[in-house]
Amino acid sequence: MKLKVFNTLSGEKEEFIPREPPVVKMYACGPTTYNYIHLGNARPLVVFDTVRRYLEYWGYLVIYVQNFTDVDDKILKRAQEEEKEPLALAENYIQEYFRDAEALNVQKALLHPRVSENIEEIIVFIQGLLAKGYAYECAGDVFFEVAKFKEYGKLSGRSLSELRVGARLEVDPRKKEPFDFVLWKKAKADELAWDSPWGRGRPGWHIECSVMSTKYLGPSFDIHAGGLDLIFPHHENEIAQSEAFHGLPMAKYWLHNGFITIDQAKMSKSKGNFFLLREILKEFEPEVVRFYLLSTHYRRPLDFSQSKLEEAARAWERLKNTDDLLQEKLAEAEPQKGGEVYLAEISLWEKRFCEAMNDDFNTALALAVLFEASKTINGWLGELTNHLVLEKAAKKYRQLAEILGLQFVQREAEKALWGELVELVIALRQEARERKDFAVADYLREKLQSLGIIVEDTPAGVRWKLDGK
């Protein structure tokens, strides 16, 4: 089976062939660290973490780099408002980012470079662009001369003539063209700055990613990933800078995730229609949020609402309940011969799962395969006692979920936490039933339910499970 990915650069699905297999070099634009991340920020984190996981599942060695923009106008403004040192403020939000990312089971990148740690390399890069004639300096600022890069617009499909027509009337008079962009900004008084050949200043936004990606992955690498909003101007400008400097194609595949929307409008801090991830995690399990973010194909918009998260919680609960019941059945099973028909069905789960993921990482279809497996397993549980089959089913069911970064094992930790107390209450309820004190038995059952614990009386005995709502 061949993996195909949608390449924004070509506008088509292409077979994924890394430059230096089995190594895959992948760069993703990270957050600007002036606030906690919101749900819209969380989507690319989860999506491209899942891409990385799937590539590793196929045996690739993924060198994954994700930067932090810790030098930016927004950080300076926030630091001034809070009367804090800018880099200290950025460091605080970097650590908060790691807490939120860990909650969503997002693995750390192999490298998390920061702008503040790469100033020297940025200056050298800008000097190279000046020497090659792609940049010009004006009173302490340095600009990239877009017209000099003949392939400008190849990612976004925008031409220079269109950009000229769309340029604002109030343009910077220091620029040769209104769409020229800044590589180095002259610092204002008492502003965070570094020494450079052009005076005290700091780097522009676009140059940061060009320098950090090529520093750690080389001038040409496999995957550059980010949100749809980064195609223009950020990624377009990255291509111009990097390819002008190195004379080589920057990234082979450009992957972009769609927006999270509210009433069909993009979720963003600037619009004030955003929801902080950690506020959502106060109400919903991290697995539910990750499930929700993967429930729609990554390139499509994903609409946000309380009801959709509640729907995701119910769906995730069904998958978890299957794992619970399967683990219980496995503990009671005995070694038996046969079961080839069941084993053949289990192998088909993986085949269908990979077919979904090989079609441009279609996690929505991959989740549908998990639900098919869940339905099949539930149908087996009443009749199947073959330990080998149950063990194979349990391992494969969990493995496919874990490729998506979804884990059932947290459920076991939750049960361990509640376990002894719940079992005690269930025992007291059983004693009440035996002495026909049904009022007390019903009261204890209702009390457990109010705490999110569902008690089920079955022919095999009393079972309990966490509600998960």
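The values are calculated or read from the model by the stated rules, or taken from the named source; none is laboratory data. Keep in mind it's a predicted model, so treat the numbers as computed, not measured. Note: ideal-geometry Cβ built from the backbone for every residue, glycine included; neighbour counts use all protein chains shown. When the accessible area is computed, the model is the full protein with side chains, heavy atoms only, and any ligands, DNA or RNA have been set aside. Shrake-Rupley method; radii C 1.70, N 1.55, O 1.52, S 1.80 Å.
Using θ = phi - 60° in the Karplus curve 6.51 cos²θ - 1.76 cosθ + 1.60, the 3J(HN,Hα) couplings for the stretch 236-253 round to 4, 6, 4, 4, 4, 4, 5, 6, 5, 6, 8, x, 9, x, 6, 10, 6, 10 Hz; x is entered for Gly and Pro.
Taking the DSSP beta bridges with both ends in the chain, the antiparallel portion is around 55 percent.
The mean sequence separation of alpha-carbon pairs under 8 Å and at least six residues apart, normalised by the residue count of the chain, gives a relative contact order of 16 percent. When the Cα centres of the stretch 10-55 and the stretch 116-190 are compared, how far apart do they sit, in Å? Between the Cα centres of the stretch 10-55 and the stretch 116-190 lies a distance of 26 Å.
Using the Karplus relation 6.51 cos²θ - 1.76 cosθ + 1.60 with θ = phi - 60°, the per-residue 3J(HN,Hα) values for the stretch 26-42 come to 9, 10, 10, 5, x, x, 8, 8, 10, 6, 5, 6, 9, 4, x, 5, 5 Hz, with x marking Gly and Pro. Legend: calculated FRET efficiency, Gln80 to Ser307, from the Cβ-Cβ distance at R0 = 51 Å, rounded to 0.05, equals 0.80. In angstrom, the C-alpha Rg and Dmax of the chain are 26.8, 92.
Projecting the Cα atoms of Trp184, Ser159, Val124 onto the charge dipole of the stretch 92-213 (Cβ charges, centred on the Cα centre) puts Ser159 farthest toward the positive pole. Here the chain is assigned +1 on the Cβ of each Lys and Arg and -1 on the Cβ of each Asp and Glu. Its dipole about the Cα centre then comes out at about 820 debye.
Measuring nothing but protein heavy atoms, the accessible surface of the stretch 311-393 at 1.4 Å probe radius is 54 percent carbon and sulfur. If eta is 1.002 mPa s and T is 20 °C, what Stokes-Einstein diffusion coefficient results for the stretch 355-404, Kirkwood Rh from Cα pairs, in µm²/s? Result for D is 183 µm²/s. Derived value for the stretch 28-69: Kirkwood hydrodynamic radius 11.4 Å. Basis is the mean of 1/r over every pair of different alpha-carbon atoms. Rounded to the nearest 500, the helix-only mean residue ellipticity at 222 nm of the chain stands at -15500 deg cm²/dmol, with each DSSP H run of n ≥ 4 adding -39,500 (n - 2.57). Counting only lysines at least 8 places from Lys351 when in the same chain, those with an alpha carbon closer than 18 Å to its own are Lys2, Lys4, Lys375, Lys392, Lys395, Lys396. Under 18 Å Cα-Cα from Lys186, which aspartates and glutamates qualify once same-chain neighbours fewer than 8 residues away are excluded? Straight-distance partners of Lys186: Asp70, Asp72, Asp73, Glu120, Glu121, Glu137, Asp141, Glu145, Asp172, Asp195, Glu208. Binning the alpha carbon pair distances of the stretch 316-372 at 10 angstrom intervals from zero yields the distribution 20, 38, 33, 9, 0, expressed in whole percent.
Fraction of C-alpha pairs exceeding 18 angstrom in the stretch 1-78: 54 percent, rounded to a whole number. Calculated accessible area for the chain comes out at 47 Å² per residue, all protein chains present (probe 1.4 Å; ligands, DNA, RNA ignored).
Straight-line cross-link partners of Lys266 among the lysines, defined as a Cα under 20 Å from its Cα and at least 8 positions apart when in the same chain: Lys74, Lys308. Residues whose amide H comes within less than 5 Å of that of Tyr36, counting only those at least five positions distant or on another chain, are absent (H built at 1.01 Å from N in the peptide plane). Atom-type composition of the exposed protein surface of the stretch 67-172 places 48 percent of the accessible area on carbon and sulfur (1.4 angstrom probe). The distance between label points at Glu345 and Glu191 comes to 6.6 nm (points 7 Å beyond Cα on the Cα→Cβ vector).
Quantify, in whole percent, the carbon and sulfur part of the accessible surface of the stretch 175-303 (1.4 Å probe; protein heavy atoms only). Carbon plus sulfur share of accessible area: 52 percent. Taking the Cα atoms of the stretch 56-197, the ratio Rg/Rh between the radius of gyration and the Kirkwood radius comes to 1.03. Along the Cα→Cβ direction, 7 angstrom out, place labels at Arg463 and Glu446. What is the inter-label distance in nm? Going by the 7 Å Cα→Cβ label model, 2.5 nm. Rolling a 1.4 Å probe across all protein chains gives Tyr93 an accessible area of roughly 20 Å². Legend: translational diffusion of the stretch 298-446 by Stokes-Einstein, Rh = Kirkwood radius over C-alpha pairs, 4 °C, 1.567 mPa s; D = 73 µm²/s.
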